[in-house]
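Worksheet: one structure, shown below.
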């Protein structure tokens, strides 16, 4: 059983469109991170959210942590081909752990 | 600092052979993690070190898998008697002992193919 479910699993959009990726769980997380991974490489950290309801922005990317700290979303405005990749959410359970459990991933392709 | 380094990048081995992968973390990071990733899936946690101590090991890790981190520096992951189901990308990550915000720094991984 996967603790973190991401949706959609695949997304193909045109350059300039907006999109939202969701990360859902029935478990509460002490912190949640988003990563982007390109083929043949390891994931690269985009953001960490810790507080329920927290919103963080990274240029055209907006991340939100759910009030109950069970879910998160990633919104991309005006997507560009350079945003193409596998987006992964990862959650840590418990205040004393630094072990992250990864979600199922959302594969995004932005067409020029 | 050159980041997290993993060697080899690719390994093809015959079923039943033993393989060993190496991970060199960022020098000031005292936490080191191993994950396994199959195509199209998110990474699955395998094991975790704080300095030289192995603090947690996933139930996914059978007795054929062993990891070490002597002296709290580099780490090795050995798979004995490889099986075709072991084919995957093996990722190593490290993190500092300074809280959640720093996240993991991943290496580029070792892709294992068992034929």
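Using only atoms on other chains, find how many Cβ atoms lie within 10 Å of each Cβ of peptide A:41-54 and report the average. It would help to have the intermediate numbers written out before the result.
Details: counts 6, 16, 11, 4, 8, 1, 2, 5, 2, 3, 0, 0, 0, 0.
Averaged over the peptide's residues, the number is 4.
Calculate how many DSSP beta bridges within chain B are antiparallel, expressed in % of all such bridges and rounded to the nearest 5.
Bridges in chain B are about 90 percent antiparallel.
Sequence gap at least 6, Cα distance under 8 Å: using those rules, report the relative contact order of region B:10-115 to the nearest whole percent. Could you put the intermediate results ahead of the total?
On the way: 240 pairs, mean separation 38.7, N = 106.
With pairs under 8 Å counted, the relative contact order is 36 percent.
From the Cα gyration tensor of region A:73-112, with a ≥ b ≥ c the square roots of its eigenvalues, which class applies: rounded if a/c is under 1.5, or else prolate if a/b is larger than b/c, or else oblate? It would help to have the intermediate numbers written out before the result.
On the way: a/c = 4.16, a/b = 2.81, b/c = 1.48.
Prolate.
State, as an integer percentage, the relative contact order of chain A based on alpha-carbon contacts under 8 Å between residues 6 or more apart. Intermediate values should be presented prior to the final figure.
Values: 291 pairs, mean separation 41.2, N = 112.
Relative contact order here is 37 percent.
Compute from the Cα atoms of chain A the Rg and the Dmax, the latter being the longest Cα-Cα distance, and quote both in angstrom.
Considering chain A through its Cα atoms, Rg and Dmax are 13.4, 44 Å.
Sorting B:63, B:24 on the 10 Å Cβ count, fewest up front, what's the list? Write out the running numbers ahead of the final one.
Details: B:63 7, B:24 18.
With the fewest neighbours first, B:63, B:24 line up as B:63, B:24.
By counting other Cβ atoms within 10 Å of each Cβ, how are A:89, A:23 ranked from fewest to most? Mind dumping the intermediate values first?
Values: A:89 32, A:23 28.
Fewest-to-most Cβ neighbours within 10 Å comes out as A:23, A:89.
Using alpha carbons only, how many angstrom separate the centre of region A:78-112 from the centre of region B:21-69?
Using only Cα atoms to place each centre, the spacing works out to 19 Å.
State the antiparallel share, in %, of DSSP beta bridges confined to chain A, rounding to the nearest 5. Display every interim value, and only then the final one.
Numbers: 36 of 41 bridges.
In chain A, DSSP labels about 90 percent of beta bridges as antiparallel.
How do A:3, B:91 line up, fewest other C-beta atoms within 10 Å first?
Values: A:3 15, B:91 26.
The order, fewest Cβ neighbours first, is A:3, B:91.
All of the numbers you see were taken from the coordinates with simple rules; none came from a lab. All values reported here derive from a predicted model rather than from experimental measurement. Positions of Cβ are generated from backbone atoms using ideal geometry, with glycine treated the same way; all protein chains shown enter the neighbour counts.
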